[in-house]
Amino acid sequence: MLDQAFEIHGDGSTGTLYGPHPKGLLSVDASGRYNLQIFKVYRPIFASGDKAHGTAEEYRAAVLGSSTHFGKVSIDTAHHQLIFDVEAASFPNWEGKQQVRDFTYQNGLLSYAVPPSVDGTTAYSVWRRPDGK
């Protein structure tokens, strides 16, 4: 289960695309197949009730308020890195690409950082095992 999702900007300030209490799930099976989902809790509903007929603002909030992808994940123990081989993603630019994340695992919490963006922002995801192990 997602415990935290936040960013540290190049100027040292903090923030989050997903709000103060995002929801998410990261599942990995025995063969290394994974699926990952992060959602902002308070995304506005589409006034039309039809996802094919939203406004530009509704589409923007839906896209920026979620991040999903799945594929295969492996661990490089020597470098303390997770390697996500992304098959499909809510952001199409990630599909067929590899994402490498420095990680720590302590007290049932898996934390990893996304490499800094052009503006110096580094995003962090913190996941808690449901069983606490």
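Read-outs throughout are calculated quantities, based only on the coordinates presented, and are distinct from any laboratory measurement. For clarity, every value in this text was computed on a predicted model and none was experimentally measured. Heads up, the Cβs are rebuilt from the backbone with ideal geometry, glycines too, and the neighbour counts pull from every protein chain shown.
Explain nothing, just compute: Karplus ³J(HN,Hα) = 6.51 cos²θ - 1.76 cosθ + 1.60, θ = phi - 60°, for every residue of the range 53-62 in order, whole Hz, x for Gly and Pro.
Karplus-based 3J(HN,Hα) across the range 53-62 equals 9, x, 8, 4, 5, 5, 5, 4, 5, 5 Hz.
Between LYS23 and VAL100, how many nm apart are label points set 7 Å from Cα along the C-beta direction?
3.5
In the Gaussian network model of the chain, springs joining C-alpha atoms below 10 Å, which of PHE103, PHE91, PHE70 carries the largest mean-square fluctuation?
In the Gaussian network model the winner is PHE91.
What whole number of Å gives the distance from the Cα centroid of the range 79-133 to the Cα centroid of the range 54-77?
13
Working out 0.36 nm times the residue gap between THR55 and GLU87, then minus their Cα-Cα distance, what length gain in nm do you get to one decimal?
On the way: separation 32, 0.36 × 32 = 11.52 nm, distance 2.88 nm.
Going from the current span to full extension adds 8.6 nm.
What list do you get for LYS40, LYS97 if you sort them by fewest beta carbons within 10 Å?
Details: LYS40 20, LYS97 12.
Ascending number of Cβ neighbours within 10 Å: LYS97, LYS40.
Counting helices only, and only those DSSP H runs with n ≥ 4, report the 222 nm mean residue ellipticity of the chain as the sum of -39,500 (n - 2.57) divided by its residues, in deg cm²/dmol to the nearest 500.
The helix-only estimate for the chain comes to -2000 deg cm²/dmol at 222 nm.
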